[in-house]
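Chemist: Handing you this structure, nothing more for now.
Values quoted throughout were computed directly from the atomic coordinates according to the rules given, and no laboratory measurement underlies them. This is a predicted model, so every value here is computed, not measured. Cβ placement follows ideal geometry from the backbone for every residue including glycine, while neighbour counts extend to all protein chains displayed.
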Amino acid sequence: MLTFIRIIQIYVVQGILCVFFLFLAVKIITRQKKKLNYIFSAFYISEAVGLIINFIYAPLEKELLVKILNFFTNFFTFYAPIFLLLFIIILYKTEKAFELKKQIILLLSTGIIYFCMLFIALIPELGVEMTVANQFTPYWGWLFFLYVTSITTIISTIPTLYYIWKIYNSFEDKNLRGRWKYFLGGNICLYILLYIIFFRNTFFPGTIFSTILSLIGLIFSVSGSILIYYGVGRELD
């Protein structure tokens, strides 16, 4: 049964965050219907889908079903930055150089790597434990933690920050450099949020410190999303 605190945390706090993500996605798409806008908005949509799945499984009490739905929440949340990576690579290399085939390969290959989380999540004690006894709070085993942290760092964090920095150094216009700083700051906030989730679910699940980390993570989530939009999304045309 959901406690009052979990109801507030999931359906109020995360609910507001979900609406905020969808609002930004719609705003970007409706500005101009073109490929870069769709790719950029996919980041916010993927984050929102992860939250919506969380809303669905939160009141459920079937352990296997909850664990599988929790995986999809994780998948869409952790996979979302790949859309930003694709957006950045296209900006850096141009769409002609980074053609559609390469774009699809990037999305599919990273998607498969993240999808493999499911098989690790189902390994007892090494994956993700979510039981009635712990009110379905996710407890990550060391193998799941190492896998998610490693793949996120290698295929998402490092290449994203690398290309952002390369683009920043290519700008001579002060206005463009200023906006790109916001975009860089937003991405840094985003990755801090992800690593907070990783460490919280592994080392501090179900504790008061976990709640504190969740609140800190919320700040980084909102700040990062706004900075990313303000830096680039607002200017897409």
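Chemist: Taking only Cα atoms, what is the 0 to 90° angle, nearest 10, from helix 158-170's long axis to the longest principal axis of the chain?
Modeler: For helix 158-170, the angle is close to 20 degrees.
Chemist: How many nm separate the modelled label positions at residue 146 and residue 181, each set 7 Å beyond the Cα in the direction of the Cβ?
Modeler: My value for the distance between the label points is 4.1 nm.
Chemist: If you stretched the chain out fully between residue 209 and residue 123, how much longer would it get, using 0.36 nm times the residue separation minus the C-alpha to C-alpha distance?
Modeler: Stretched fully, the residue 209-residue 123 segment lengthens by 28.3 nm.
Chemist: Let me ask something else. Residue 165 to residue 27: FRET efficiency via 1/(1 + (r/R0)^6), r the Cβ-Cβ distance, R0 41 Å, to the nearest 0.05?
Modeler: E between residue 165 and residue 27, to the nearest 0.05, is 0.90.
Chemist: Neighbouring Cβ atoms within 10 Å as the yardstick, rank 86, 51 fewest first.
Modeler: Least crowded to most crowded, the residues run 51, 86.
Chemist: Still on this structure, please answer the following. Just to verify a number: FRET efficiency for residue 230 and residue 100, C-beta to C-beta distance, R0 = 30 Å, to 0.05?
Modeler: Between residue 230 and residue 100 the formula returns 0.55.
Chemist: Among the trypsin sites (Lys or Arg not before Pro) within the stretch 9-75, which fall in a DSSP loop and have no more than 12 other Cβ atoms within 10 Å of their own Cβ?
Modeler: For trypsin sites (Lys or Arg not before Pro) across the stretch 9-75 that sit outside H, G, I, E and B with at most 12 neighbouring Cβ atoms in 10 Å, the list reads 33, 34, 62.
Chemist: Among the listed pairs 35/102; 35/93; 34/96; 35/101; 27/174; 34/93, give every one whose C-alpha distance is greater than 20 Å.
Modeler: Exceeds cut-off: 27/174.
Chemist: When the label point is put 7 Å from the Cα of residue 7 along its Cα-to-beta-carbon vector, which residues of the stretch 46-67 have a backbone N closer than 20 Å?
Modeler: 52-62
Chemist: Between the helical axis of 63-93 and the dominant principal axis of the chain, each derived from Cα atoms, what acute angle in degrees is found, rounded to the nearest 10?
Modeler: Between helix and principal axis, roughly 10 degrees.
Chemist: What spacing in nm lies between the two simple spin-label points modelled at residue 38 and residue 131, each 7 Å away from Cα in the Cβ direction?
Modeler: 4.6 nm
Chemist: Also: Just rank 207, 160, fewest to most, by other beta-carbon atoms within 10 angstrom.
Modeler: Ascending number of Cβ neighbours within 10 Å: 207, 160.
Chemist: Can you tell me, using C-alpha contacts under 8 Å and at least 6 residues apart, the relative contact order of the stretch 6-54 as a whole percent?
Modeler: Once divided by the residue count of the stretch 6-54, the mean separation gives 46 percent.
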